[in-house]
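The values are calculated or read from the model by the stated rules, or taken from the named source; none is laboratory data. These numbers come from a predicted model, not from an experiment. Glycine also receives a Cβ, built like all others from the backbone with ideal geometry; neighbour counts cover every protein chain displayed. What goes into the accessible areas is simple: the full protein's heavy atoms, side chains included, and nothing from ligands, DNA or RNA. Shrake-Rupley method; radii C 1.70, N 1.55, O 1.52, S 1.80 Å.
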Amino acid sequence: MRMHQTMRWYGPSDIVRLSDIRQAGCAGVVTALHQFAPGEVWPREAVRARRELIEAAGMDWTVVESLPVSEDIKKRRGAYREHLHNYARSLENLAAEGIRVITYNFMPVLDWIRTDVSYPMPDGSLALYFNRTDFIVFDIYLLQRPGASGDYTGVEQAAAKLRFEKMTAEQRESLFRNCLLGLPGSTEAFTPAQVLEALDGYKGIDEAALRKNLFSFLEEIVPVAEKLGLRMAIHPDDPPYPVLGLPRVVSTESDAVALLQAVPSPANGLCFCTGSYGARPDNNIPAMVHRFGDHIHFLHLRNTMRDKDGNFHEADHLDGDTDMYAVVKEVLVIQQRRKESIPMRPDHGHQMLDDLGKKTFPGYTAIGRLRGLAELRGLEYGIFASQYNATPPVSIS
Ligand code: DNO
């Protein structure tokens, strides 16, 4: 039993082609219908057209990433009832087309945050990077969020002030842009006023309220998914702690336990992202994979390297703070027990070789991910061969 190897594809406008993904050795594709706004129904014909495109390239549409949960649903305000109804309709249409795993997240406003998406590695490749001081500069000086200073220590504030004063206008502009790349529709330029308004929408929603809203969402959606034979897979917060005064509730082992217990069902599961959970030193990644084995419906394998100041960069897949050998070994045990393959994608990759200079989605170049996938595939092969005294099939067809 080996992991079902996939890569994310952003659709026909992605400069990484389906044939590239196939040549990387993937059996499946992870994609979404980005043309529909959160809250809208994904019509069955559109789902079918996407599925057929992927199948014509010799792969399957293994996982939806993401079927986005609208801000109104996360807040339980405004049009949330209509959006929930539409969410259920989209699930029906996806199930009717044979898609089985649905990834989503419950992060308010921003899906992921990095301060630099071209952080040079010693070998000249470029990585995604989160620098805490730069992020504080963004929060206090560029966004000018009311009350932001209160979230940081005096030492952190002083470091941010110094950093801000030394930055050129161009550096400030690029930091502002980078920090907002995880906003839906991030190809547009956002103004501080627009972002502050979105943050303001969460006034009165603290951690307990957001968790309650997540559980209500699960109570409504998990039974629908279960009936349709679907598996919902929630992606953790990235980074895994509160940011910009917004609560976050899928950051730790106990967060995941709570949401699984809130609505126990085979349809209520996890997208286990080793990179997102791994950016917190108190998350023991191999131990979490062991504990959540039966609830992991999708794996993002990625590594981060943290430092003592709260900065982290995305390391090579087999390098960094997470023991990827221990993770993959655990995944093999889980697959043997469950008698099924778990879908996996190499998450992100460094921009390198011919991809340097190309404009791609941050982290989603072809060659960096190809390298990550090849290393992970070899790791799995080696562990399998030594643990089970047998070799797994190498080819996907
Ligand atoms: C970033 C991704 C996230 C992820 C969503 C899932 O690279 O890991 O955007 O797709 O959070 O809902």
Among the residues of region 148-174, the number that are within 16 Å of Phe135 (Cβ to Cβ) and outside any helix (DSSP H, G or I) is 3
Would it be correct to say that Asn311 is polar (S, T, N, Q) and out of contact with any Phe, Trp or Tyr (no Cβ under 8 Å at 6 or more places or on another chain)? no
Every residue from region 173-194 that is open to solvent by 70 Å² or more (accessible area, probe 1.4 Å) and over 30 Å from Gly39 (Cα atoms): Glu173
Take region 338-381 and flag every residue that is over 18 Å from Phe272 (Cβ atoms), within 16 Å of the ligand (Cβ to nearest atom) and small (Gly, Ala, Ser). Gly349, Ala366, Gly368
Within region 182-278, which helices (runs of 4 or more DSSP H) (wholly inside it) include 1 or more residues that are on the phi < 0 side of the Ramachandran plot and within 16 Å of the ligand (Cβ to nearest atom)? 207-228, 253-262, 274-278
Some residue of region 45-56 being within 16 Å of the ligand (Cβ to nearest atom) and modelled with pLDDT of 95 or more: no
All but one of (1) within 19 Å of Tyr388 (Cβ to Cβ); (2) touching a Gly at 6+ places or on another chain (Cβ under 9 Å) hold for Leu332; which doesn't? (2)
Selection count, region 38-62, where residues are under 22 Å from the mean Cα position of the chain (by Cα) and touching a residue at least 60 places away in the same chain (Cβ under 8 Å): 2
Which ranges mark the helices (runs of 4 or more DSSP H) fully within region 283-397 that have 1 or more residues being open to solvent by 70 Å² or more (accessible area, probe 1.4 Å) and free of Cβ contacts under 8 Å to residues at least 24 places away in the same chain? 366-388
